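To keep things clear, I will list the structure first and then write my remarks on it.
The values are calculated or read from the model by the stated rules, or taken from the named source; none is laboratory data. The model shown is predicted, which means the values in this text are computed figures rather than measured ones. Reconstructed Cβ throughout: ideal geometry from the backbone, glycine too, with neighbour counts over all protein chains shown. The accessibility values were calculated without ligands, DNA or RNA, using every heavy atom of the protein model including side chains. Shrake-Rupley method; radii C 1.70, N 1.55, O 1.52, S 1.80 Å.
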Amino acid sequence: MNKNYYFKNPISSRITFLLLISYFLFLNSCNSTEPPPPPPVEKSAVLSVTDFSLNEIWLDLFTENLTNSKQVNLFRDVELLNSFELIGNDTTLVVDSLLPQKQYSFSVVIYDGDNDTIKTNSVNASSMDTTSHNFSWEIFTFGEGFNNSILRDVAIIDENNIWAVGEIRIGEEKYNAVQWDGEQWNLRKIIVTYRGNPSYAPLLGVFSLPTGEVIFSSGVPYLPSDNGWIIQHLWDMGVLDENNGIVTSIWGTGLNDLYVVGDFGTIAHYNGTNWRAMESGTDLALVDVYGSQNGNIYAAGSYSPFAQGIILRKELNNNWEVMIEGDNIDEAQLFEKLFGSTAAIWIDERNVIYTGGHILYEYKNNHWNYIKSLAGNHIGGNTNAEFRGFISGIRGNGSNDWVMCGQRNTLQHFNGSTRQQLGMEYNPLSGLNWTAVEQKSNTIAAVGFEGNRAKIILLRR
């Protein structure tokens, strides 16, 4: 049997093997080429104006890809205003102590940890102007000296339609409201019906909606109808019970969104169809209620004999919570609590909260503080009511145009920069007490009493 053997040339085989290795190494070297490096990450910073007031301007600084940034320099015009370390990519900057009605330019330079310098755009912003203190005024008196008369609340629909409520007695006649028609005050009798018994019992509160409807309270709310006002028997409806107090103050955005507050921490809400009670978490009398533009509602409670107070806040989740309490405290406890009662509350167009009683406070940038433009406005600073009486009302058009009222003929207007007494000069010995105030555009009305007679001051600018 023949066998065939095949022998390979060892030299030729070695050459072929080497050629194959070289070929595969060449292919591998082609396939392992690294991709080009990515382009550098673009770092940026943008500055914008978000709000302004008479002496403050709010800026927003938005940055991207500045993970290693360290130092931020804020410039006003060409002046270095402040330096700080950047935290996060969206920062609010508040520049204060500005002059009214003045234009400023702002810019930011950021020194990044990678030795990069990032500059923002320049933005221009003007501070708000002051308003005028120049009001003409008249005082009107109602009632007789031997009968007690008092006005407790006031609402301005417009300069020719103003309602004030309370109790006015002239002889045997009883009135519970007066209405301004642009030329004179007209005595009114609003029928108050309780369990089928009509009367002209005193009215405790009045509120005008933005659409012009007027709502009263005599301890229960009265809603407008085509034939006058319809009483809302919240107890007979089962909304409130014997553990609740009467309601006195009213605030809302429309007839489908009303809040009433009153004694023992009572709060009720009307949605246009039904009323419902709301838990307040306090049994202090709630004496004022007001809403902000961001949708939060606030109520002020007070018990002045013991210098107690409370501020409640209802957020968008519909729950009321205690924001801060007031008590007879010392300086060391201040702003954990407020000193004294809180009998009035108002919120301006920037959602700054103002509350007053024994002292006038503001809540701004998430902090409580004294309002420093008011003389003697701190613990122990108003001895013998040297500068003002107890504050019972605050209302206004905005942060540069608002007014407060109170005991001892306290009636002061703030124009964004300075404060001025309106009407007659302030007198710590005065028996004239203003219980409530309202301002709409260039009209201010405050109501109250002096002795046994009801009083209204009407001011026009």
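Check K174, K189 and return the single one that is over 17 Å from R460 (Cβ atoms), surrounded by 14 or more Cβ atoms within 10 Å (Cβ to Cβ) and of a type in the set (D, E, K, R). Full working, then the answer.
Working: K189 fails: surrounded by 14 or more Cβ atoms within 10 Å (Cβ to Cβ).
K174 is the lone residue from the list that is over 17 Å from R460 (Cβ atoms), surrounded by 14 or more Cβ atoms within 10 Å (Cβ to Cβ) and of a type in the set (D, E, K, R).
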Quiz item: Just one of I310, I347, I359 is in contact with a Phe, Trp or Tyr (Cβ under 8 Å, 6 or more places away or on another chain), over 15 Å from S292 (Cα atoms) and surrounded by 19 or more Cβ atoms within 10 Å (Cβ to Cβ); which is it?
Solution: I359
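Could you run through the range 234-254 and say how many residues are open to solvent by 20 Å² or more (accessible area, probe 1.4 Å) and either farther than 16 Å from N271 by Cα or out of contact with any strand residue (DSSP E or B) (no Cβ under 8 Å at 6 or more places or on another chain) (or both)?
Summing the residues that are open to solvent by 20 Å² or more (accessible area, probe 1.4 Å) and either farther than 16 Å from N271 by Cα or out of contact with any strand residue (DSSP E or B) (no Cβ under 8 Å at 6 or more places or on another chain) (or both) in the range 234-254 gives 9.
Does Y290 satisfy being open to solvent by less than 30 Å² (accessible area, probe 1.4 Å) and either of a type outside the set (D, E, K, R) or assigned to a loop (DSSP other than H, G, I, E, B) (or both)?
Values: open to solvent by less than 30 Å² (accessible area, probe 1.4 Å): no; either of a type outside the set (D, E, K, R) or assigned to a loop (DSSP other than H, G, I, E, B) (or both): yes.
No; evaluated as a whole, the condition is false for this residue.
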Exercise. Please verify whether the range 451-461 includes one or more residues that are of a type outside the set (A, V, I, L, M, F, W, C) and open to solvent by less than 10 Å² (accessible area, probe 1.4 Å).
Key: no
Quiz item: How many of the residues in the range 293-307 are farther than 25 Å from E349 by Cβ and either surrounded by 23 or more Cβ atoms within 10 Å (Cβ to Cβ) or at pLDDT 95 or above (or both)?
Solution: 1
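Within the range 217-233, work out how many residues are open to solvent by less than 70 Å² (accessible area, probe 1.4 Å), closer than 25 Å to A436 by Cα and not small (G, A, S).
In the first step, residues of the range 217-233 are kept if they are open to solvent by less than 70 Å² (accessible area, probe 1.4 Å); the result is 217-225, 228, 231-233.
Then drop every residue that is not closer than 25 Å to A436 by Cα, which leaves 217-224, 228, 231-232.
Next, from what is left, pick out any that are not small (G, A, S): 220-224, 231-232.
Counting residues in the range 217-233 that are open to solvent by less than 70 Å² (accessible area, probe 1.4 Å), closer than 25 Å to A436 by Cα and not small (G, A, S) gives 7.
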Quiz prompt | From E336, E321, residue being surrounded by fewer than 17 Cβ atoms within 10 Å (Cβ to Cβ), of a type outside the set (S, T, N, Q) and under 27 Å from G219 (Cα atoms) | solution = E321
Practice problem: Using the structure shown, decide if D116 is over 30 Å from N68 (Cβ atoms) and among the acidic types (D, E). | Solution: no
Exercise. Determine if the range 47-61 includes at least one residue that is assigned to a loop (DSSP other than H, G, I, E, B), open to solvent by 80 Å² or more (accessible area, probe 1.4 Å), within 30 Å of Q412 (Cα to Cα) and not polar (S, T, N, Q).
Key: no
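Quick grid of which residues meet (1) touching a residue at least 12 places away in the same chain (Cβ under 8 Å); (2) basic (K, R); (3) under 30 Å from L59 (Cα atoms):
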{"site": "D348", "(1), (2), (3)": "yes, no, yes"}
{"site": "N351", "(1), (2), (3)": "yes, no, yes"}
{"site": "E362", "(1), (2), (3)": "no, no, yes"}
{"site": "W368", "(1), (2), (3)": "yes, no, yes"}
{"site": "N397", "(1), (2), (3)": "yes, no, yes"}
{"site": "D401", "(1), (2), (3)": "yes, no, yes"}
{"site": "Q412", "(1), (2), (3)": "yes, no, no"}
{"site": "T435", "(1), (2), (3)": "yes, no, no"}
{"site": "V447", "(1), (2), (3)": "yes, no, no"}
Quiz prompt | Only listed residue being closer than 26 Å to H367 by Cβ, open to solvent by 70 Å² or more (accessible area, probe 1.4 Å), under 33 Å from the mean Cα position of the chain (by Cα) and free of Cβ contacts under 8 Å to residues at least 24 places away in the same chain, chosen from L99, L80 | solution = L80
Quiz item: Given the conditions (1) of a type in the set (A, V, I, L, M, F, W, C); (2) open to solvent by 20 Å² or more (accessible area, probe 1.4 Å); (3) in contact with an Asp or Glu (Cβ under 6 Å, 6 or more places away or on another chain), which single one is not true for A445?
Solution: (2)
Quiz item: So which pairs qualify, if the first residue must be in the range 304-315 and closer than 12 Å to G357 by Cα and outside any strand (DSSP E or B), the second must be of a type in the set (S, T, N, Q) and open to solvent by less than 10 Å² (accessible area, probe 1.4 Å), the Cβ gap must be under 6 Å, and the two must be at least 6 apart or on different chains?
Solution: S304/S341; A307/S341
Exercise. Would you be able to tell me the number of residues in the range 59-75 that are more than 14 Å from K119 (Cα to Cα) and either of a type in the set (D, E) or modelled with pLDDT of 90 or more (or both)?
Key: 2
Quiz item: For the range 388-422, how many residues meet the condition of being in a loop (DSSP other than H, G, I, E, B) and surrounded by fewer than 24 Cβ atoms within 10 Å (Cβ to Cβ)?
Solution: 11
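Out of the residues in the range 423-442 meeting the condition of being among the hydrophobic types (A, V, I, L, M, F, W, C), open to solvent by less than 40 Å² (accessible area, probe 1.4 Å) and out of contact with any Leu (no Cβ under 7 Å at 6 or more places or on another chain), tell me which one is farthest from H133 (Cα to Cα).
L432
So which of E144, E167 is open to solvent by 20 Å² or more (accessible area, probe 1.4 Å), acidic (D, E) and part of a strand (DSSP E or B)?
Working: E144 fails: part of a strand (DSSP E or B).
E167 is the lone residue from the list that is open to solvent by 20 Å² or more (accessible area, probe 1.4 Å), acidic (D, E) and part of a strand (DSSP E or B).
Filter the range 147-164 down to residues that are among the acidic types (D, E) and part of a strand (DSSP E or B) and give me whichever is most open to solvent (accessible area, probe 1.4 Å).
Step one: list which residues in the range 147-164 are among the acidic types (D, E), which gives 153, 158-159.
Among the residues that remain, those that are also part of a strand (DSSP E or B) are: 153, 158.
Numbers: D153: 31, D158: 69 Å².
So, considering only residues that are among the acidic types (D, E) and part of a strand (DSSP E or B), the one most open to solvent (accessible area, probe 1.4 Å) is D158.
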